[in-house]
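Have a look at the structure below, then the notes.
Bear in mind that the values in this text are calculations on the coordinates, not laboratory data. Please read all numbers here as calculations on a predicted model, not as lab measurements. Heads up, the Cβs are rebuilt from the backbone with ideal geometry, glycines too, and the neighbour counts pull from every protein chain shown.
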């Protein structure tokens with residue numbers, strides 16, 4: 001569907017996007033993730049035809065951005081960051097204007113504007129100037145703008161920034177709904193959002209792709225170690241360390257006293273284990289040999305947050 | 001082309017949604033009305049000469065005020081990004097905005113038709129120069145709109161756009177009054193460059209293709225400049 005090859009953008013001396021290549025399939029919800037200034041917005045701006053790439057090629061279906069920018073723009077609905085819309089226009093007038101530019105005829109126009117107002121929850125504000133709306137409503141108008149011609153590709157730059165939790169859930173639902181048939185590309189720096197909505201995550205850092213895959217494969221590839229946390233009653237720290245260090249595959253044992261035990265002292269133990277082996281059973285067996293009371297045992301997979309931090313850490 | 005028409009409609013409507021149109025029109029009518037009627041009864045002539053004579057100077061201030069927001073506001077707000085990612089070309093955008101500005105100038109001139117009607121009741125008004133004057137005023141307005149649009153396309157600051165536009169229009173207006181200070185060999189050429197020189201021809205009722213060509217080429221060159229400046233930002 002979308003083929004990006006060797007995409008590069010320089011702002012003067014500064015390289016914002018550095019030889020990115022990507023293939024995006026139809027029906028994919030792709031999350032572009034990265035710290036501030038990583039090149040997410042620049043990439044999206046080149047994809048939507050707002051900026052010219054310094055180098056490289058973008059093609060959508062069989063159109064290239066160099067020769068058929070107009071055709072590509074017809075296929076893409078775009079919501080820029082923080083929805084910069086005309087402040088003086090009424091929501092209704094604005095949506096009608098966009099419907100006109102998107103070449104909807106008069107009959108379809110009315111029904112489309114109405115159904116979008118419904119879908120994006122804009123009914124109450126249709127006759128207010130956009131400049132007087134709250135940020136959440138502006139974002140919704142922007143979303144309605146992007147979805148106007150029922151585009152095959154929806155590009156959203158930080159669609160949920162500035163929204164309240166209810167609105168975030170609503171917008172995610174809309175994105176997932178659209179993503180069933182259409183291609184959705186969204187940029188964000190909120191990891192849980194990417195995790196909750198995207199089929200595929202591309203992490204960009206310093207203009208380069210640092211990782212690419214679904215959440216599961218990203219976790220696996222980040223691999224290395226995982227952590228098991230225990231909460232034990234009645235156990236001295238030294239003895240625990242000694243007992244558990246007999247198990248093969250444990251790299252670190254970090255016991256720390258836990259407050260709130262009363263007369264019987266509690267001990268919280270963080271155990272780092274080498275990836276690939278499940279050590280929960282072995283740990284349980286070892287503790288069963290003693291008279292300690294095991295209150296909690298749970299295994300943490302590496303969170304997307306830590307993967308992200310590892311990949312985009314400043315060197 | 002149809003996209004340019006849609007952009008024109010939106011831009012023209014926006015003038016009247018915000019207070020700009022009303023402020024600019026009232027200011028224009030106040031200034032021209034004052035200067036025209038204060039001397040009108042002293043001259044005791046049924047003509048609109050003084051009104052048209054003053055137009056190039058008034059337009060140098062008023063037209064850049066109309067055009068200053070056209071691109072600068074979009075750059076500043078960021079809505080330019082939305083505009084350009086819609087299926088439109090640079091040509092549609094420049095043309096739509098230009099025609100909207102010219103239409104705004106026409107809307108501003110419309111109430112002054114009342115002057116000529118008033119004058120025609122007071123004496124024998126020769127309608128030839130009046131019609132010529134209005135044709136010339138629209139052409140002059142179009143040329144200055146082009147310049148203003150170019151000024152607006154180079155900066156995100158509306159005030160800077162206004163000052164650049166006003167400076168260029170002002171120079172073109174005053175050029176043929178400054179000829180005295182300029183080298184003799186260039187006189188003919190510089191006189192041709194002055195907007196006032198061409199406008200005074202038309203407002204006498206003489207429609208000469210050289211004058212038409214002058215206004216159209218000023219408009220074209222500045223619109224092309226705006227086009228280039230937008231492409232550069234791309």
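Observations on the model:
- Kirkwood Rh (inverse of mean 1/r, distinct Cα pairs), the protein assembly as shown, angstrom: 28.2
- With 5 Å bins beginning at zero, the pair-distance distribution over Cα atoms of the range B:1-86 amounts to 3, 11, 17, 18, 14, 11, 9, 7, 5, 3, 2, 0 %.
- Helical runs assigned H by DSSP (4 residues or longer) give chain A a calculated mean residue ellipticity at 222 nm of -10000 deg cm²/dmol, each run adding -39500 (n - 2.57) before division by the residue total.
- Kirkwood-Stokes translational diffusion coefficient of the range A:1-57, alpha-carbon pairs, 20 °C, 1.002 mPa s, µm²/s: 182
- Compared with the dominant principal axis of the Cα atoms in chain A, helix A:106-119 is inclined by about 20°.
- Spatial separation of Cα centroids for the range A:277-302 and the range A:34-96, in angstrom: 52
- Whole-Å distance, taken between Cα centres, linking the range B:158-214 and the range A:175-237: 65
- Helical content of chain B, expressed as a calculated mean residue ellipticity at 222 nm, amounts to -27000 deg cm²/dmol (DSSP H runs of 4 or more residues, -39,500 (n - 2.57) each, divided by residue number, nearest 500).
- Antiparallel bridges, percent of DSSP beta bridges restricted to chain A (to nearest 5): 70
- GNM flexibility winner over chain B from B:24, B:63, B:119 (Cα, springs under 10 Å): B:119
- Fluctuation leader among A:286, A:73, A:40 - chain A, Gaussian network, Cα springs under 10 angstrom: A:286
- GNM top mover of B:186, B:178, B:166 - chain B, alpha-carbon springs below 10 Å: B:186
- Ordering A:26, B:97, A:74 by the number of other Cβ atoms within 10 Å of each residue's own Cβ, fewest first, gives A:26, A:74, B:97.
- Calculated on C-alpha atoms, the gyration radius of the range B:65-152 divided by its Kirkwood radius gives an Rg/Rh of 1.16.
- Average partner coverage of A:64-77, which counts Cβ from other chains inside 10 Å: 2
- Debye equation applied to the C-alpha atoms of chain A, log10 I(q)/I(0) at 0.10, 0.12, 0.15 Å⁻¹: -0.69, -0.85, -1.12
- In the distance distribution for the range A:77-188, Cα-Cα pairs more than 23 Å apart total 20 percent.
- In terms of Cα atoms, the Rg and Dmax of the range B:2-233 work out to 18.3, 58 Å.
- Helix B:127-153 vs. chain B, principal-axis angle (Cα, 0 to 90°, nearest 10): 30
- Helix B:113-122 and the longest principal axis of the Cα set of chain B meet at an angle near 10°.
- Rounded D (µm²/s) - the range B:172-231, Kirkwood Rh over Cα pairs, Stokes-Einstein at 20 °C, 1.002 mPa s: 169
- Rg/Rh (Cα only; Kirkwood hydrodynamic radius) as it applies to the range A:224-301: 0.95
- When all alpha carbon pairs of the range A:1-98 are counted in 10 Å bins from zero, the resulting P(r) reads 14, 42, 31, 13, 0 %.
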